[in-house]
Every structure is written in C-alpha cells, then in structure tokens.
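What follows is a set of notes on a single structure, which appears directly below.
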Amino acid sequence: MKIHRFDAPGKIKLDEIPTGYSDTITKGEARDEFDELSKELFELQDLMWGARTHSVLMVLQGRDAAGKDGTVKHLSGALNPRGVMVTSFGVPTIEERQHDFLWRVHKHAPRAGEVGIFNRSHYEEVLVARVKKLVPPAVWKERYDLINGFERTLAKSGCIVLKFFLHITKEEQRERLLEREKDPNDAWKLNVEDWKDRERWDEYTEAYQDAIGKCAAKDAPWIVVPADAKWYRNLVVAEAVAAAMRPHRAAWRRTLDEQGKLVRRDLKAWRAEHGR
C-alpha cells in the first residue's frame with residue numbers, strides 16, 4: 001500500500017494523486033488487514049494510556065461527503081473509548097469568534113495518554129475562510145505560520161500529530177450527495193451549502209493544496225488518503241496511525257514496567273508495615 005505522505009513544505013497537485021484504491025488488494029483482504037490493525041491499535045493505545053508520555057491527534061479534513069464521519073466511526077471503533085475524544089468543529093460561536101482562531105481548537109487537544117480526533121479543524125480558517133472571503137487575504141495568509149507554530153507546540157509536548165485529507169473525485173462526491181437524498185436515514189445530513197460549495201471546487205482545490213503544502217512537517221505530516229472506496233480509506237488511515245505509534249511501543253512498555261516495579265515495591269513495604 002502506498003501512502004501519500006507529505007512531511008515537508010512544498011507544492012502539491014491533488015489531481016496527480018489517485019482517489020481510488022490499489023489493484024493489488026481486494027475488499028476482503030483490506031477488511032482482514034483492518035481487523036488486524038484494529039487489534040494492534042487497541043494494544044498500542046493501551047500502552048500509551050498507561051505510560052502517559054504521548055498523545056495522538058488525528059485531524060480529518062475533506063470536501064463535503066468525503067467520509068469524515070465514517071472515518072471517525074471506524075477508527076474510534078478500533079480503540080478503547082475510555083481514551084478517545086472526538087471533536088467536531090462547525091461554524092464558530094460568538095464566544096469563539098471573540099478569541100483568536102486557535103483558541104477553540106487548542107483547548108480540545110488530547111491530554112497525555114489520549115487519542116483526539118478532529119472532524120474538521122483549525123484548517124477551516126485557511127479553507128472556508130479563504131474561499132468564502134470571510135477574512136481578508138492578509139489574515140488567512142498569516143495563519144499558515146500560526147498553524148505551524150501551534151502544531152510544533154503540540155509535537156514538542158509529546159503529541160503525535162497526523163493530518164488526513166480524504167481525497168475523492170467530484171463525480172464520487174455527487175453520487176454520495178444524491179444518495180443522501182434517497183436514504184431517509186441520511187436526510188439529516190442534507191445541506192444546500194454542500195451543492196453551493198461544489199461550484200467552488202477549483203477554489204477549494206487550490207486552498208487545500210496550499211494548506212497541505214505550507215503546513216506539512218515531519219512532526220505533523222499530511223496524508224492524502226484515496227477515499228473513493230470507503231473500505232480502502234479506512235485501511236489507509238488505520239495503517240498510518242499504527243505506523244506512527246509503533247516506534248514508541250518499546251518505550252511505553254519500559255515506562256509501564258518501571259511503574260510496575262515501583263508499585264510492587266510500595267505494596268511490599270505496605271504489607272511489611274501492616275503485617276499483611
């Protein structure tokens with residue numbers, strides 16, 4: 001599986017990155033791999049929860065109907081809900097607008113041991129704010145550096161930052177939006193703004209390319225996920241998260257072993273003191 005990862009600034013062309021899955025894997029094989037990755041993710045999360053030296057932040061971005069909700073559902077389902085916090089960012093409230101644009105985001109950053117999942121994020125301030133001209137160009141252009149600084153701060157504190165752009169074609173988006181209209185269970189997702197935004201497809205493409213290209217870093221990489229096939233999307237995201245956590249497994253295990261030695265020492269002393 002080829003993961004389209006960007007961990008340094010530079011120009012990117014989304015049209016050059018596939019939205020479909022690789023022919024080398026079948027849907028059944030992908031589901032089997034996802035099940036195995038789910039077990040590994042659960043184990044890694046458990047170690048991280050106990051060690052409390054790191055956290056994980058998954059940022060999910062994508063066009064309307066790209067599959068952000070579905071990705072949240074499948075990835076959070078592979079984890080222990082005890083240590084998962086999902087935050088969805090919509091239109092800023094009055095209070096949020098009265099603070100800097102990162103205020104509402106930073107307070108939801110995961111604590112040590114936790115996995116945080118952002119359904120949309122601070123990147124809306126260089127995407128929607130830019131395309132819909134909610135702020136002057138000078139304002140959103142300055143935000144790239146502010147976002148980079150914010151993400152460096154998270155990484156320096158032990159947060160494993162992973163940013164995912166769910167990449168679909170315009171045709172796939174149209175099919176999904178129309179499907180929502182046919183399914184009564186998805187009627188609550190209907191929004192005329194989704195269709196209006198399709199008319200700005202090229203503008204959003206340019207905005208996403210700049211956001212990814214200007215805010216890609218080693219400690220906060222962007223992963224462009226082929227998302228036309230939902231099952232392949234889930235596999236790519238799960239593999240990327242597992243790959244980012246695996247290098248810490250041994251250190252987390254050592255931390256837990258040291259904690260265990262201290263607890264056993266204290267328990268032994270307590271029993272000796274109380275004759276138990």
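Counting only protein heavy atoms and using a 1.4 Å probe, the accessible area of residue 175 comes to about 110 Å². For the chain, the fraction of 1.4 Å probe accessible surface lying on carbon and sulfur atoms is 51 percent.
Taking every Cα-Cα distance in the range 144-276 and sorting them into 10 Å bins from zero, the calculated P(r) comes out as 9, 24, 25, 18, 11, 8, 5, 1 percent. Look at where the Cα atoms of the range 137-203 and of the range 57-94 average out, and the two centres are 11 Å apart. Pairs of Cα atoms nearer than 8 Å and 6+ residues apart set the relative contact order; for the chain it is 36 percent. Relative contact order of the range 5-124: 36 percent, from C-alpha pairs under 8 Å at least 6 residues apart in sequence.
Annotation: lysines with alpha-carbon distance below 19 angstrom to residue 163 (same-chain offsets under eight excluded): 2, 11, 13, 68, 73, 107, 214, 218, 230.
Peptides 156-168, 210-222 ranked from most to least packed, by the mean per-residue count of other Cβ atoms within 10 Å: 156-168, 210-222. Based on the Cα atoms of the chain, what semi-axes does the equivalent ellipsoid have, where each is the square root of 5 times one gyration tensor eigenvalue, given in whole Å with the largest first? Taking √(5λ) for each Cα gyration eigenvalue gives 36, 23, 18 Å. Relative to the longest principal axis of the Cα atoms of the chain, the long axis of helix 27-51 makes an angle of roughly 50 degrees. In the chain, helices alone account for a calculated mean residue ellipticity at 222 nm of -16500 deg cm²/dmol, with every DSSP H run of four or more residues adding -39,500 (n - 2.57). Once you sort the root eigenvalues of the Cα gyration tensor of the range 72-219 as a ≥ b ≥ c, which label holds: rounded (a/c under 1.5), prolate (a/b larger than b/c) or oblate (the other case)? Oblate, because a/c is 1.5 or more while a/b does not exceed b/c. Compute the helix-to-body angle for 249-274: its Cα long axis versus the longest principal axis of the chain, expressed 0 to 90° and rounded to tens. The helix 249-274 is inclined about 40 degrees to the chain.
Taking 18 Å as the straight-line reach from the Cα of residue 141, the aspartates and glutamates in range (excluding those fewer than 8 positions away in the same chain) are 100, 124, 125, 151, 203, 206, 210.
The values are calculated or read from the model by the stated rules, or taken from the named source; none is laboratory data. Everything quoted here is computed from the prediction, not taken from an experiment. Heads up, the Cβs are rebuilt from the backbone with ideal geometry, glycines too, and the neighbour counts pull from every protein chain shown. Ligands, DNA and RNA are excluded from the accessible area calculation, which covers all protein heavy atoms including side chains. Shrake-Rupley method; radii C 1.70, N 1.55, O 1.52, S 1.80 Å.
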